[in-house]
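> After the structure tokens below, expect a handful of questions from me.
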Amino acid sequence: MSNLSLKNGRNAGIVFGIIILIMFSTGFTLIGNQLVAKLIGNEGFKGLDQFKVFVIFMVLMGLWNGSTAARKPAIAKDEMMPAIANGLVAGLVFGVFSLVISVFFGTMLIIKVDIRNYLVNISPESTKLFLFDQTPVLGGAYHFGIALITSFAGAFLAHFTRTNQSLRNFIANSKRSVSDFSGSPKVVSTVNNQYFKIASYLVLAALLIIIPRQWGSYWNYVFGTVGIYVLLGLGLNIITGWAGQLVIGYVAFFAVGAYSFSLLTSPAPHNLMWNFWIALAVGVVAAAVSGLLIGLPILNLRGDYLAIVTLGLAEIIRILLKSDMLTDFTGGPRGLQKVGGPTLLGNSITSDIDFMYLIIIAVLVVTFFAYRLQNSRTGKAWYAINLDETVARATGINAYSSKLLALTLSAAVAGLAGALFASRNQFTGPDDHALMVSINVICLVIVGGIGNIPGIFLGAFALKGLPEILREIENYRLLVFGVLLIVMMRIRPEGFLPSQRPKLEHPIDLAKSGKEE
Amino acid sequence: MKKSLFFVLMIVALLLAACGAPAATEAPAAEAPAAEAPAAEAPAAEVPAGEPEACAAELGCAVIPAGSTIKLGYAGPMTGDYSQFGIDMSNAMKLAVADFGDVEGFKVELVAEDDLASAEGAAAVANKLVTDPTFVAMAGHAFSGATSAAMPIYEKAGVPMLSPSATNPDLTKAGSTVFNRSAFTDAQQADGAAAYLFNTLGVKKLAVMHDGTDYGQGLAKGVEAKYKELGGEVVGELVAVTPGESDYSAPLASVAAAAPEAIYFGGYNAEAAVLVNQMKVAGLEGVKFFSGDGIYGKDFIEKAGANAEGVYSATLVPSASDAITAFNTVYKTSYGEDAGVLSAYTWNSYDSASALIAAIKSVAVVSGDSLYIPRGALVAAVRGLKDFQGIAGVITCQADGECNASGPVFYVVKDGVWVPAE
Amino acid sequence: MKNTSDQNISKIKLSKFLRPLITFLISSFLLYRIYEVVFIRQQFTPDIWVRFAISGLILGGMYALIAIGYTLVYGIMFMINFAHGEVMMLGAFGGYFIFELFNFIPTPTVADPDLTFLNSQPILSIILAFVAGVTIAGLSGYFLEKIAYRPLRKAPRLILLITAIGASTALQNLAMLLFGPTRKNVINPMILERSAGWSVLVSGKPVLITYTGVFSLVLSALLMVALYLVVQKTKLGRSMRAVAQDKNTAALMGVDVDDVISKTFIISGMLAGAAGVMWDIHMGLVNHYTGFLPGIKAFTAAVMGGIGNIPGAMLGGILLGMLEAVGPAALGIDFQLKDVIAFTILILVLIVRPSGILGEKLSEEKL
């Protein structure tokens, strides 16, 4: 008994207790519950009121808590006793947390202290929900009971799945059969089959042509935004993903593209009204030149200089754009209205559908060039610099000009994205170019899988598409992404869709070179 | 090689599709505009027989099936530093919907969306709302920047707007058919404020500051121009501060160097409170502080405390009447807060929503089980509002969409509350 | 891609010639501009300049405190702790809640029935607010390192930086969801009322030097001296310097590297927390965004002074504060553009002298 460690259980209980405390005090229990209720539908589950949904939620949390406590590798596999004991301890700690939350906030509700002055998201409704519409003590007791029982059950289940040989075999088999299927010669040969490839491309092409016509203006808007962020991601990926130079103020180039395009096509303040395509080209070139100019003095240095300098540059550009000094030239805080739309052979093609096609074409073109670059000599040089600049130089790569090229290309793509963004919104203003845009782009490149092109599509959709669809959780989006970034860097730093580049045989060298620089 | 082939094919195909697109939408419209055009824009295409004649018009009809509600939109900042505006305005509109929200037995529902007071947020909200076939009118947006971003989207969908608070003068100059507002413009406000400062308060030396936003800069420039025109002296240059900061002592010190008698500030309550709090330290004790409708409300007094005493605001609080008193009672019982404490737009918002409902009533037709609201006629009806008696005043829309006749009124903080200034 | 060594040599020679030239041109232009504004235009009288300088000094003191945190962590781990500003924000919230709590506890006397603990025990309240803010910030620094950064000890730096960005976003949004996005007023004890202070005559005109300003400035100076002593004189400081120079060798000499890194994060967090409570007391407004801008500014200051160098961070902080307050007036441009001046100077410093003003002469390979 003396060597029975209950640390796992305690830790799991504390972690889950803190999670439930944060969920409650950020109001997520209420919103999440509404979302669940919406998902399962109010009609079909008439008898299931929100309190019962919340019970289910708490039961799931408890099960998870218990199984986490019992699953830690520190616990020997075959012993039932420590696993169950840890589960119970986890349940106890978790239960105490819920009990304290219930009693404290329930009392606050009853004595009518408006806690919302300090914790804005704890509304009476969410407190009531947390108490299952009971008195504080009774609600707390329910919580405690649920936590204890479900954590016990969770620990038991976890132990059972770990020790039960037939179940483990079953899981292993099913895993194997899935990987067997995708890796089996038959599937591989089908995937590699030329005709199959062409057919799938054709299907994809057909989908891309048909879908924008089918969905309404809202979906075209959402996916247009996703497309623009894909462009930004592809661009940032060149300098950060491949050449390994972090750029924090990537939005600077986005702004240069958007503004140089808009100034040339907007009726005010200059009334130049240039042709869309020429202005687009100017926007791209202007962004590329700004990238080149900022890279010239900085890129012969190593380290985080580029990150810092672009961060400063992004802020300088944003402040200058909205300043009084340049209001007559840039439109000031109002931004530029009525930015020109695309034309083709003299016809204006500005409908949602047309613009969606335009964005798709831009994404395809950039993706194509990105693939070509990745496999080119330059791409390999970037990769070498990314891995170890000293070795890369020793092998005869001109690191300075390679990095300069990467930054210029990267800025050019951002300029293209900026021009398209301004043209689609028919508007651009200084607030469109806040630092948050850069951080979003960095996040999407990382989440998808740094250096990997399909990953960028996934990341852009996850970062810009999903929150638009789930507007209820809009407020929680950035919190979730922040946590996700930390967790991912820990358990899967290569992203959801990792890059297919050859891996180093001795990863430790990579770490060392990174540390010493 | 395969990949490049794929990309080339794809782009050619898309280009063809893109070229084809306008032709596809335009062609039927040219051939049979009366019958086919609604299919492109409005969801009226699926309407069964029994559709009223009015729906043959260009934008078609919004069809409300039995059991559905008529959606009246509102969009403003519900979160963030300006959330008090959005919350207050939508609260007032909910009361209007409760009072008048019954059109031929169909209920009106207020859909209040958060546009974060940003252009991007507004475009997203507008694009989302217009996909709802039962969404017919917009009592917003709250902020001018957001409004100008959303306007083209409503224009396309034929959704009339009647904003109670978007005050940028340029909004009605763009030639939009759908945009109307029941607030005064910033130009009117600036003129009124400059005249009040010069004539009523007798200020001869004025310093002008703003917060670098579209709204603040516009007001500041307007006041500067009008004040000079009246013969006053504007000392120093326009001083802009960076919004969101907590230390404006340096800019204030540069204002103090010019020794003004009063400061006009174009901006919102958060920055105004910081300025007012630091005026004494900067050597501006006893200098009057004057600002626009953006600082009126409870938040400013809470943030500035005792320093708020004697601060002026040009705003659009209506003069007292029985209707206002009755409304204030209902507002207080519904939300536990006095009307007009959160923002000055409470009464105006109520009027905007009720005027829109009145316009809907004037054009809606019942046919069979459903209610038909011809969109084109509704746009015209809102623009044609005449002598609509609201609680804050009479709404009569001009040809350009300006629906407010009265100018700003002036309030001052006295003993911790906003009271009308003499 | 051949023959790069020759090109490199020519480039270095060119830059050796170009850099002093650029430095000379820019500084002479700036000096001329300042001369023109200050002596020819004479827009501002001396008392106004003193006001500018005071507000710059106070701001600079806070920047310096935060900047030291960046520099300490950078010196030891070569990472930019992007979440440092958020640590400061948490400290500011700690102080805010203590003030709110004490203002809630009534201690009525006969003379003043409304008296609260905050004003009956003002010094104790302030001390406790600092204790709370410093503790919260120190703990968040500790846990940040333990949860987010320690598992990545061997990872490339990019990964660390992204983790830090993630931590920054998460903490900022967590604070927004918990405490709401609106800015909250901080109630000061009466003795530190914000607009009260000593009046000093400068060229015949009164200039108000606020108590809160003097308080923050003195406290930040004291803390900086204390930190300098810790780093230079104590055993912990010696191990910190050892780890900064070479982790492996330090470990061989018996220094517990993990422990030193952990303590470094605690110290940098505590300094940020103190800056946060000063922010409460002097600025009087706090919300989730409070730490972000000062964080970025302080980071700029640290880079400007020479990242990894503690006196450099102090100098950079003060310099940046002064640049923001005095710079726009001295150069005769809008106050709106103060950040443009600050960031432009940063970029120029990095181009002309990449190691920062006081930074050691780094080889091109380092940093």
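> Check whether at least one residue in region C:48-61 is of a type in the set (F, W, Y), at pLDDT 80 or above and open to solvent by less than 40 Å² (accessible area, probe 1.4 Å), and report yes or no.
yes
> Looking at region C:316-325, can you tell me whether even one residue there is within 13 Å of chain A (Cβ to nearest Cβ), in contact with a Ser or Thr (Cβ under 8 Å, 6 or more places away or on another chain) and surrounded by fewer than 22 Cβ atoms within 10 Å (Cβ to Cβ)?
Scanning region C:316-325 turns up no residue that is within 13 Å of chain A (Cβ to nearest Cβ), in contact with a Ser or Thr (Cβ under 8 Å, 6 or more places away or on another chain) and surrounded by fewer than 22 Cβ atoms within 10 Å (Cβ to Cβ).
> Got a sec? Which of C:I281, C:I357, C:I341 is within 10 Å of chain A (Cβ to nearest Cβ) and either open to solvent by less than 30 Å² (accessible area, probe 1.4 Å) or not in a helix (DSSP H, G or I) (or both)? Please lay out each step first, then the result.
Values: C:I281 fails: within 10 Å of chain A (Cβ to nearest Cβ); C:I357 fails: within 10 Å of chain A (Cβ to nearest Cβ).
Result of the check over C:I281, C:I357, C:I341: C:I341.
> For region C:24-55, give me each residue that is in a helix (DSSP H, G or I) and under 24 Å from C:L201 (Cβ atoms).
C:V38, C:F39, C:P46, C:D47, C:I48, C:W49, C:V50, C:R51, C:F52, C:A53, C:I54, C:S55
> Among (1) away from chain C (no Cβ under 11 Å); (2) out of contact with any strand residue (DSSP E or B) (no Cβ under 8 Å at 6 or more places or on another chain); (3) open to solvent by less than 20 Å² (accessible area, probe 1.4 Å), where does A:T330 come up short?
(2)
> I would also like to ask the following. Residues to consider are B:E237, B:E229; find the one that is open to solvent by 30 Å² or more (accessible area, probe 1.4 Å) and within 14 Å of chain C (Cβ to nearest Cβ).
Result: B:E237 is the single residue among B:E237, B:E229 that is open to solvent by 30 Å² or more (accessible area, probe 1.4 Å) and within 14 Å of chain C (Cβ to nearest Cβ).
> Follow-up. For the subset of region A:125-153 comprising residues that are polar (S, T, N, Q) and closer than 14 Å to A:N65 by Cβ, which member is surrounded by the fewest Cβ atoms within 10 Å (Cβ to Cβ)? Talk me through it step by step, then tell me what you get.
Residues of region A:125-153 polar (S, T, N, Q): A:126-127, A:134-135, A:150-151.
With closer than 14 Å to A:N65 by Cβ added as a condition, the list becomes A:150-151.
Numbers: A:T150: 25, A:S151: 35.
Looking at residues that are polar (S, T, N, Q) and closer than 14 Å to A:N65 by Cβ, I get A:T150.
> Find the residue count for region B:298-330, including only residues that are in contact with a strand residue (DSSP E or B) (Cβ under 7 Å, 6 or more places away or on another chain), within 14 Å of another protein chain (Cβ to nearest Cβ) and of a type in the set (G, A, S).
1
> Inside region B:334-422, counting only strands (runs of 3 or more DSSP E) that do not spill past its ends, which hold 3 or more residues that are open to solvent by less than 40 Å² (accessible area, probe 1.4 Å) and assigned by TED's automatic domain parsing to the domain that holds B:E309?
none
> Give me the pairs: first residue in region A:412-437 and more than 13 Å from every other protein chain (Cβ to nearest Cβ), second residue open to solvent by less than 10 Å² (accessible area, probe 1.4 Å) and in a strand (DSSP E or B), beta-carbon distance under 8 Å, and six or more apart or on different chains, which are they?
Pairs found: A:G418/A:T428.
> Sticking with this structure for a sec: Looking at C:G213, is it closer than 30 Å to B:E285 by Cα and at pLDDT below 90? If you could, list the steps in order and put the result at the bottom.
Working: closer than 30 Å to B:E285 by Cα: yes; at pLDDT below 90: yes.
Spelling it out, C:G213 is indeed closer than 30 Å to B:E285 by Cα and at pLDDT below 90.
> Separate question: If you scan region B:187-213, which residues turn out to be charged (D, E, K, R) and open to solvent by less than 10 Å² (accessible area, probe 1.4 Å)? Let's see the steps before the verdict.
First pass over region B:187-213, keeping only residues charged (D, E, K, R): B:191, B:204-205, B:211.
Answer for region B:187-213, where residues must be charged (D, E, K, R) and open to solvent by less than 10 Å² (accessible area, probe 1.4 Å): just B:D211.
> Just one of the numbered conditions (1) surrounded by fewer than 19 Cβ atoms within 10 Å (Cβ to Cβ); (2) within 7 Å of chain C (Cβ to nearest Cβ); (3) at pLDDT 80 or above is not true of A:P493; which one?
(3) is the only condition that A:P493 fails.
> Here's another thing I want to ask about it. So A:D324 clears everything in (1) at pLDDT below 90; (2) open to solvent by less than 50 Å² (accessible area, probe 1.4 Å); (3) part of a helix (DSSP H, G or I) except one condition, right? Which one?
Going through the list (1) at pLDDT below 90; (2) open to solvent by less than 50 Å² (accessible area, probe 1.4 Å); (3) part of a helix (DSSP H, G or I), A:D324 breaks only (3).
Listed here are the residues, each with its yes/no results for (1) within 14 Å of chain A (Cβ to nearest Cβ); (2) within 30 Å of A:L479 (Cα to Cα); (3) open to solvent by 30 Å² or more (accessible area, probe 1.4 Å); (4) more than 22 Å from the chain's Cα centre (by Cα).
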residue: C:T182; (1), (2), (3), (4): yes, yes, yes, yes
residue: C:N188; (1), (2), (3), (4): no, no, no, yes
residue: C:I191; (1), (2), (3), (4): no, no, yes, yes
residue: C:R194; (1), (2), (3), (4): no, no, yes, no
residue: C:L201; (1), (2), (3), (4): no, no, yes, yes
residue: C:V207; (1), (2), (3), (4): no, no, no, yes
residue: C:Y211; (1), (2), (3), (4): no, no, yes, no
residue: C:L217; (1), (2), (3), (4): no, no, yes, no
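> Evaluate the following for C:L152: is it under 20 Å from B:S83 (Cα atoms) and either at the interface with chain A (Cβ under 9 Å from one of its Cβ atoms) or modelled with pLDDT of 80 or more (or both)? Walk me through how you get there before you give the answer.
Values: under 20 Å from B:S83 (Cα atoms): no; either at the interface with chain A (Cβ under 9 Å from one of its Cβ atoms) or modelled with pLDDT of 80 or more (or both): yes.
Here the answer is no, as C:L152 does not meet what is asked.
> Something else now. Can you tell me which residue within region C:155-167, out of those that are surrounded by fewer than 24 Cβ atoms within 10 Å (Cβ to Cβ) and not aliphatic (A, V, I, L, M), is farthest from the other protein chains (Cβ to nearest Cβ)?
C:R157
> Can you pull out the residues in region C:193-209 that are over 21 Å from C:H282 (Cα atoms) and part of a strand (DSSP E or B)?
C:L201, C:V202, C:K205
> Which of the residues that make up region C:326-335 are facing chain A (nearest Cβ under 8 Å) and open to solvent by less than 10 Å² (accessible area, probe 1.4 Å)?
Result: no residue meets the conditions.
> Any residue in region C:26-38 that is in contact with an Asp or Glu (Cβ under 9 Å, 6 or more places away or on another chain) and within 13 Å of another protein chain (Cβ to nearest Cβ)?
Looking only at region C:26-38, we keep the residues that are in contact with an Asp or Glu (Cβ under 9 Å, 6 or more places away or on another chain), and these are none.
No, there is no match, as no residue in region C:26-38 is in contact with an Asp or Glu (Cβ under 9 Å, 6 or more places away or on another chain) and within 13 Å of another protein chain (Cβ to nearest Cβ).
> For B:E229, are the conditions met, namely being charged (D, E, K, R), touching a Leu at 6+ places or on another chain (Cβ under 7 Å) and under 26 Å from C:Q336 (Cβ atoms)? Quick ask: steps written out before the conclusion?
Numbers: charged (D, E, K, R): yes; touching a Leu at 6+ places or on another chain (Cβ under 7 Å): no; under 26 Å from C:Q336 (Cβ atoms): yes.
Answer is no for this residue.
> Tell me, which strands (runs of 3 or more DSSP E) wholly within region B:205-322 include 2 or more residues that are without any contact (Cβ under 8 Å) to a residue 60 or more places away in the chain? Before you say what the answer is, go through the steps one by one.
Numbers: elements: B:205-210, B:262-266, B:288-291, B:312-315.
Counting at least 2 such residues, we get B:205-210, B:262-266, B:288-291.
The values are calculated or read from the model by the stated rules, or taken from the named source; none is laboratory data. Remember, it's a predicted structure, so these values are computed and weren't measured experimentally. Heads up, the Cβs are rebuilt from the backbone with ideal geometry, glycines too, and the neighbour counts pull from every protein chain shown. What goes into the accessible areas is simple: the full protein's heavy atoms, side chains included, and nothing from ligands, DNA or RNA. Shrake-Rupley method; radii C 1.70, N 1.55, O 1.52, S 1.80 Å.
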